[in-house]
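The structure under discussion appears below in the form of structure tokens.
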Amino acid sequence: MRGGRAEERSVPGVTSRPCPHPVNEGNGCIYLGTISDLSAGPFRALGVPVTRAQRAFWDRVNRRGGIGGHDVDVVTYVRDSRYDPRRHVRAYDEIKGRVLALAQTLGSPTTDAILDALRADEVVAVPASFPSRWEFEDVILESGASYCFEGMNAVDYAAREFRARTVMAVYFPGDYGDDAVGGVRRAAAARGLSFSEVRTGRAARSIDAAVAAIVRRKPDLVFLSVGPAETGAVAAKAVARGFRGRFMGDSPTWNKGLLASKARRAIQGRYLTVAPLKRFATDSPGHAAMRRALGRVEPDEGYTAGWALSYPLKAVLERAAAQGRLTRAGLYDAVRRTEMVDYEGMLPVRAGRFSGGPDAQAFRESVIERPDAAQYSGLKVLTDFFAGGTARAHRLDTPCDRRA
């Protein structure tokens with residue numbers, strides 16, 4: 001892969017010339033793109049730490065010698081889409097001829113907007129989102145359980161630990177909420193539980209309608225697929241009106257600020273999260289390496305996600321380089337041959353299976369956490385990675401946001 005100008009024309013994103021800020025003398029350069037929410041969009045608070053963690057991840061790779069005689073650059077082609085699908089498309093069009101792969105594409109609707117182009121260009125991309133439909137895309141390198149399996153695992157946990165018999169899902173409609181509620185619905189049906197669902201939004205009137213439904217129906221478990229502000233509002237208002245059941249939510253429902261909000265008393269002892277990753281302070285080689293690389297930062301789960309999500313791309317780059325095929329076609333082929341990924345303990349190696357069909361490769365395990373002000377992220381891990389009976393038995397032959 002060291003062919004000068006001819007190489008640069010035939011292999012977008014791979015050059016024999018060094019990166020702009022090389023770490024290893026004599027190495028060429030692999031350019032990876034990033035399209036994230038970095039300034040004015042609704043997920044800037046996630047996009048900024050994810051991007052920073054990925055920069056630290058690849059800097060560590062370079063300091064260990066790089067990949068196949070190349071350093072990896074994740075700085076030159078960073079673009080801000082502000083979580084706008086049209087901006088996302090423009091950003092991709094701008095950098096697609098200059099990068100080998102995408103180290104990050106944040107968001108489901110934004111990634112959907114470039115998905116056809118990714119397929120046509122055979123550009124492998126790492127998503128910062130967790131819908132089950134990524135299992136059906138060969139160019140997407142997803143990590144962790146989908147929102148769908150999180151919903152299934154939450155219901156199974158609640159049925160076992162709390163003897164829950166009635167379940168209500170309160171969720172934002174769209175790629176996130178629909179995928180999660182698809183898992184909750186399937187788990188409730190599999191276990192013979194009573195199930196109901198309420199769509200909500202961010203407006204106070206919509207939140208109040210969801211609270212009214214909770215108070216009227218009195219479910220044993222309310223599963224939330226909303227944002228942290230809505231989690232706090234729903235829990236605080238429902239408990240104030242006499243609701244005695246429990247709340248569980250997937251990882252986007254949580255923010256440590258809830259422990260300093262008016263919802264603190266409502267969520268303590270009543271609310272749990274089901275998440276795809278263990279928290280920032282976890283004792284694993286990967287978490288420790290992340291903390292060393294980042295230095296002194298305020299703990300944030302965006303860092304944890306950004307670091308953990310990068311391992312599969314590192315693995316397939318190494319496989320392609322070892323085969324002398326550090327090209328888009330070589331990388332695409334390496335994805336389909338990958339059976340496991342070393343996440344350095346941040347996820348089980350089986351989370352990195354990308355061979356076979358969606359049902360075979362889907363990782364189904366989650367962790368359960370509860371609020372704890374003594375923890376860095378305000379959450380204490382209660383379980384190791386586990387998959388409940390519903391997730392283990394479910395055949396993933398269609399994305400979960402499609403009603404069964």
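The values are calculated or read from the model by the stated rules, or taken from the named source; none is laboratory data. All values reported here derive from a predicted model rather than from experimental measurement. Note: ideal-geometry Cβ built from the backbone for every residue, glycine included; neighbour counts use all protein chains shown. These accessible areas exclude ligands, DNA and RNA; they are computed on the full protein's heavy atoms, side chains included. Shrake-Rupley method; radii C 1.70, N 1.55, O 1.52, S 1.80 Å.
Among the residues of region 84-97, is any in a loop (DSSP other than H, G, I, E, B) and at positive phi? Looking through region 84-97, none of the residues is in a loop (DSSP other than H, G, I, E, B) and at positive phi. Take region 339-363 and flag every residue that is out of contact with any Ser or Thr (no Cβ under 6 Å at 6 or more places or on another chain) and open to solvent by 30 Å² or more (accessible area, probe 1.4 Å). Of everything in region 339-363, those that are out of contact with any Ser or Thr (no Cβ under 6 Å at 6 or more places or on another chain) and open to solvent by 30 Å² or more (accessible area, probe 1.4 Å) turn out to be M340, D342, E344, V349, R350, R353, G356, G357, P358, D359, A360. Scanning region 163-178 turns up at least one residue that is in contact with a strand residue (DSSP E or B) (Cβ under 9 Å, 6 or more places away or on another chain), in contact (Cβ under 8 Å) with a residue 12 or more places away in the chain, more than 30 Å from T111 (Cβ to Cβ) and among the β-branched types (V, I, T).
If you go through region 255-264 and keep only what is among the small types (G, A, S) and open to solvent by 90 Å² or more (accessible area, probe 1.4 Å), you end up with just A260.
Sort through L331, L317, L313, L326 and tell me the only one that's buried (at least 19 other Cβ atoms within 10 Å of the Cβ) and in a loop (DSSP other than H, G, I, E, B).
Working: L331 fails: in a loop (DSSP other than H, G, I, E, B); L317 fails: in a loop (DSSP other than H, G, I, E, B); L313 fails: in a loop (DSSP other than H, G, I, E, B).
Only one candidate passes the filter, namely L326.
Identify the residue in region 364-398 that is open to solvent by less than 10 Å² (accessible area, probe 1.4 Å) and in a loop (DSSP other than H, G, I, E, B) and, among all such residues, is nearest to L277 (Cα to Cα). This residue is G378.
Residue-by-condition table, conditions (1) modelled with pLDDT of 95 or more; (2) in contact with a Lys or Arg (Cβ under 8 Å, 6 or more places away or on another chain):
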site	(1), (2)
G33	yes, yes
G47	no, no
R52	yes, no
V89	yes, no
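Looking for something touching a strand residue (DSSP E or B) at 6+ places or on another chain (Cβ under 6 Å), part of a helix (DSSP H, G or I) and within 18 Å of A387 (Cβ to Cβ) - is there at least one such residue anywhere in region 259-271? The answer is no, given that none of the residues of region 259-271 is touching a strand residue (DSSP E or B) at 6+ places or on another chain (Cβ under 6 Å), part of a helix (DSSP H, G or I) and within 18 Å of A387 (Cβ to Cβ). Counting only strands (runs of 3 or more DSSP E) that sit wholly inside region 160-254, those with at least 1 residues that are open to solvent by 40 Å² or more (accessible area, probe 1.4 Å), closer than 23 Å to S129 by Cα and not hydrophobic (A, V, I, L, M, F, W, C) are 194-199. Out of (1) crowded, with 19+ Cβ neighbours inside 10 Å; (2) out of contact with any helix residue (DSSP H, G or I) (no Cβ under 9 Å at 6 or more places or on another chain), the odd one out for R336 is which? Going through (1) crowded, with 19+ Cβ neighbours inside 10 Å; (2) out of contact with any helix residue (DSSP H, G or I) (no Cβ under 9 Å at 6 or more places or on another chain) one by one, R336 breaks only (1). For region 28-52, name all the residues that are farther than 21 Å from V89 by Cα, of a type in the set (A, V, I, L, M) and open to solvent by 20 Å² or more (accessible area, probe 1.4 Å). Result: A45, single match. Among the conditions (1) charged (D, E, K, R); (2) open to solvent by 50 Å² or more (accessible area, probe 1.4 Å); (3) farther than 17 Å from L309 by Cα, the only one that R55 does not satisfy is (3).
Which members of region 293-310 meet the condition of being part of a loop (DSSP other than H, G, I, E, B) and either open to solvent by 10 Å² or more (accessible area, probe 1.4 Å) or not polar (S, T, N, Q) (or both)?
Pass one, region 293-310, residues part of a loop (DSSP other than H, G, I, E, B): 295-300, 309-310.
Residues satisfying the conditions are G295, R296, V297, E298, P299, D300, L309.
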